[in-house]
Amino acid sequence: MEFTPERVLVITPHPDDAEVWAGGVISKWVRAGAEVHCVLCTDGSKGTQNPEVRSEELVQVRKREQLEAAEILGVSNVVMLGRPDGELEDTSDFRKDLVRQIRLVKPDVVLTSEPYRRNMQWHRDHRIAGQVALDAVFPYARDHLHFGELFANEGIEPHKTAAIMFWGSESPNAFFDIADEFDTKMKAVLAHRTQTGQRTDEQMRAFMRARAQEAADAGNASGDDDVTGLSLAEAFRRVTFRT
């Protein structure tokens, strides 16, 4: 069954990842009254096939693209960590950056990239971002003695997040109808002009139709009629925590 959280934190490895995988549900939740914040982990400095573009130029362009896409979706704020593209590591300082944002935003739900995939290619930054985000949600942001200096020096209280939802999962268990949000999602995807050669309207529709078929298959197997009639869908693996 679909739901609308009050506050959402999106933790995205690169510019355009969140829009491609979760732009529909972000737009849907914003339209229903949710407050959505975004953390962009990397600077996007490697994401081009144009040999004429220097990394320094690309960083500035992709910043502007991310801010434009966020505005289209109605995202309240984008925090850019600026870590080098392709070089995310599971480190204490990266985890602390994410814990800080979780404790500041106090989300009901964190949206991020699936860290555990068996059968499909997956960018290393996607794996690392998802893993560090999961650890940051549970237990680091929850327990006051983890990064206690955030409270001592910055006055930031611990926070218990109710759920984390991973996009790009091979075993999704949460499906959302995004047919009414597809046009908005597509505008946000196309705001990433340095990436638009990889994304067409029909390709994205086919991608969302495939997710809707996954929802129908899951619904038929479980007897859940709520997800059997979707035309365009986004899919996530949702993990819930005791709060």
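Being surrounded by fewer than 22 Cβ atoms within 10 Å (Cβ to Cβ) and either closer than 11 Å to residue 15 by Cβ or over 18 Å from the mean Cα position of the chain (by Cα) (or both) narrows it down to one of 66, 49, so name that one.
So the residue among 66, 49 that is surrounded by fewer than 22 Cβ atoms within 10 Å (Cβ to Cβ) and either closer than 11 Å to residue 15 by Cβ or over 18 Å from the mean Cα position of the chain (by Cα) (or both) is 49.
To keep it simple, each residue is scored yes or no on (1) without any contact (Cβ under 8 Å) to a residue 24 or more places away in the chain; (2) of a type in the set (S, T, N, Q); (3) touching a Lys or Arg at 6+ places or on another chain (Cβ under 7 Å).
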{"site": "15", "(1), (2), (3)": "no, no, yes"}
{"site": "23", "(1), (2), (3)": "no, no, yes"}
{"site": "38", "(1), (2), (3)": "no, no, no"}
{"site": "42", "(1), (2), (3)": "no, yes, yes"}
{"site": "52", "(1), (2), (3)": "yes, no, no"}
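Which condition number in (1) buried (at least 17 other Cβ atoms within 10 Å of the Cβ); (2) at pLDDT 95 or above; (3) not in a strand (DSSP E or B) is the one that residue 90 fails?
Failed condition: (1).
Tell me which residues, restricted to the stretch 152-188, are in a helix (DSSP H, G or I) and at pLDDT below 95.
152, 153, 154
Taking the stretch 22-37, which residues are assigned to a helix (DSSP H, G or I), among the hydrophobic types (A, V, I, L, M, F, W, C) and surrounded by fewer than 24 Cβ atoms within 10 Å (Cβ to Cβ)?
30
Restricting to the stretch 60-87, give me the number of residues that are in a loop (DSSP other than H, G, I, E, B), among the small types (Gly, Ala, Ser) and within 20 Å of residue 28 (Cα to Cα).
So the answer is 2.
Based on what the data block shows, is residue 16 on the phi < 0 side of the Ramachandran plot and of a type in the set (D, E, K, R)?
Spelling it out, it is not the case that residue 16 is on the phi < 0 side of the Ramachandran plot and of a type in the set (D, E, K, R).
Does residue 129 fit the bill of being part of a helix (DSSP H, G or I), touching a Leu at 6+ places or on another chain (Cβ under 8 Å) and either touching a residue at least 24 places away in the same chain (Cβ under 8 Å) or within 25 Å of residue 27 (Cα to Cα) (or both)?
yes
Right, residue 138: without any contact (Cβ under 8 Å) to a residue 40 or more places away in the chain and part of a helix (DSSP H, G or I) or not?
So residue 138 fails the test.
Restricting to the stretch 102-159, count the residues that are small (Gly, Ala, Ser) and more than 17 Å from residue 21 (Cβ to Cβ).
Residues meeting the conditions: 5.
Hey, among 5, 15, which residue is of a type outside the set (Val, Ile, Thr), within 19 Å of residue 104 (Cα to Cα), at pLDDT 95 or above and in a loop (DSSP other than H, G, I, E, B)?
Only one candidate passes the filter, namely 5.
The values are calculated or read from the model by the stated rules, or taken from the named source; none is laboratory data. Computed from a predicted model, the values in this text were never measured in an experiment. Reconstructed Cβ throughout: ideal geometry from the backbone, glycine too, with neighbour counts over all protein chains shown.
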